[in-house]
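Written below as structure tokens is the structure these notes are about.
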Amino acid sequence: MIAAAAVIILVALVLYAVFGGADFGGGVWDLLATGPRRAAQRDLVSAAIGPVWEANHVWLIFAIVAMFTCFPLAFADIGVGLYAPLTLALIGIVLRGAAFAFSHSPGGGWTAGAWTIVFRIASLLTPFFFGDAVGALAGGRYAWTSPFALAVGAFAVAVTAQIAAVFLLLETNDSALLADFRRRAVRTTVVVWFLGLVPAAVAAARALPLFTALLHPAALAAIALALTAGVVTIAAVWRGADRTARVAVALEATAILAGWFGAQAPDLVPGRLSLIAAAAPAATLSAFLIATVIGAAIVGPSLALLFRVFKSSPRKAA
């Protein structure tokens, strides 16, 4: 039951990284919009994010609830040790949501422009501090200002930008915009590879226990899968197989998070709490698993309907 609960939390984090990450990455591209089509690029981002950005936070909320239900000791330890970066990330979520709403209000004038700036900044800071928190947790000392944690934060921002660039390819029929985001999808995939090397180099230089864990066969397999998925993403983007590219980039994000999870297992908080030591009583875990199955049967179809209604691909309709 402990392993099942941990895997469910990992799945929730993966879903948030993919769908929520696409939203944050959209904000990154809103900030980096350039050229004669920058207004159209920003309109595309807004149209893609608008219908589903609130629903995508369901996965984060579920992961938090699952964490304090199934692993309360770890939740408390992480909440105290990483209070600063997690608070900054959550503030970014709140400001980003408010900014997105207010920046698109009719007759907003100069205030709409100010909220647009807030939206762009929060779209950078939130994934950065989430990634920073993961790096600090993986390092085992909650050192969220360490070079390793900061490098993981930068890597997280790049991954969200990559996911968004790939996802946006199915959001428009405009050939010029498609060309813009094809280039961005390929370039950001390469940036992700390079930025992914930085935390590993820092971990090796500072002899962090995580570097040794990354040499475990399971972790190496996850890294290889992530790299392979990145190559498939590039190939699919250039061939115009945009649905395949979406699957590949989602698989890459899954491999990254699974590799992190596998590298520090059986510890949940490296050097402090194992999965077994942090787990709630068996009765609580059993009730959680039952409730999750029931909840998935209710929420799953609802979310599927939401995406079907509001996210039907314009490419498919064309």
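Observations, loosely collected:
- Rounded to 10°, Cα long-axis angle of helix 2-15 versus longest principal axis of the chain: 20 degrees
- The HN-Hα couplings worked out from phi for region 20-33 by the Karplus form 6.51 cos²θ - 1.76 cosθ + 1.60 (θ = phi - 60°) are x, x, 4, 5, 4, x, x, x, 4, 6, 4, 5, 9, 4 Hz, whole numbers, x standing for Gly and Pro.
- Sorting the segments 174-184, 122-132 by their residues' average number of neighbouring beta-carbon atoms within 10 angstrom, most packed first, yields 122-132, 174-184.
- The protection proxy used here, the mean number of other Cβ atoms lying within 10 Å of each residue, ranks peptides 71-84, 10-23 as follows, highest first: 10-23, 71-84.
- In degrees, nearest ten, helix 58-70 long axis to first principal axis of the chain (Cα): 10 degrees
- Degrees, to the nearest 10: 83-103 long Cα axis against longest axis of the chain: 20 degrees
- For region 39-86, a/c is not less than 1.5, where a ≥ b ≥ c are the root eigenvalues of the C-alpha gyration tensor, and a/b does not top b/c. That puts it in the oblate class.
- Helical runs (DSSP H, four residues minimum) scored at -39500 (n - 2.57) apiece and divided by the length of the chain put the mean residue ellipticity at 222 nm at -27000 deg cm²/dmol.
Since every read-out is calculated from the coordinates, none of them should be taken as a lab result. For clarity, every value in this text was computed on a predicted model and none was experimentally measured. Ideal geometry is used to build each Cβ from the backbone, glycine not excepted, and the neighbour counts take in all protein chains shown.
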